[in-house]
């Protein structure tokens with residue numbers, strides 16, 4: 001359940017939102033296969049590098065949306081991604097501690113009174129490319145090109161419009177959430 005925006009510093013939470021997508025290929029199993037594109041039921045283990053605690057998140061629906069409440073100024077890392085498909089048998093794929101470059105900080109702002117300003121933080125779309133023959137990799141993708149248009153004053157000037165798909169999906173799924181009224185910030189792996 002999503003919480004409202006707290007006005008007290010110690011209770012202020014920062015919401016980190018992302019989308020997960022598994023693109024699997026070359027996995028062989030007698031009865032089952034995870035080959036194809038999956039967004040629902042991907043488990044991500046995210047570790048708080050400051051405290052050592054870990055949280056398991058699960059993507060949901062066609063969008064692959066997931067979210068958690070981050071701690072201001074703390075560093076996080078994706079430690080594990082896991083997916084399992086059931087049918088007549090089961091097929092699974094996972095990566096443990098494979099994303100050294102998946103570390104990111106939860107940025108924050110402090111106002112004149114010393115209060116942390118609530119912020120809506122986007123990890124964008126995390127594309128997990130799992131290949132049964134060639135290994136796996138994680139790609140972080142933020143913006144989508146929505147359109148490109150000519151400037152009305154200069155016909156040679158092309159203006160590119162981008163949109164963060166994660167924000168659009170979250171807003172559509174939770175239209176009455178108070179988080180939609182906060183600043184939207186993209187965070188990237190460093």
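None of the figures in this text is laboratory data; all of them are computed from the coordinates on show. Because the structure is a prediction, the values reported are computed rather than measured. FYI the Cβ positions are ideal-geometry reconstructions off the backbone, even for glycines, and counts take in every protein chain you see.
I need the peptides 62-69, 50-57 ranked by packing, meaning the mean over residues of other C-beta atoms within 10 angstrom, with the highest value on top.
62-69, 50-57
Could you work out how far apart the two model spin labels at residue 168 and residue 188 are, taking each label as a point 7 Å from the Cα in the direction of the beta carbon, and quote it in nm?
Between residue 168 and residue 188, the label points sit 2.1 nm apart.
Among 136, 168, which comes first, then next, by fewest other beta-carbon atoms within 10 Å? Please report the intermediate quantities before stating the final value.
Values: 136 18, 168 13.
In order of increasing Cβ crowding within 10 Å: 168, 136.
What ranking do 165, 23 get, fewest neighbouring Cβ atoms within 10 angstrom at the top?
Numbers: 165 18, 23 15.
Ranking 165, 23 by Cβ neighbours within 10 Å, fewest first, gives 23, 165.
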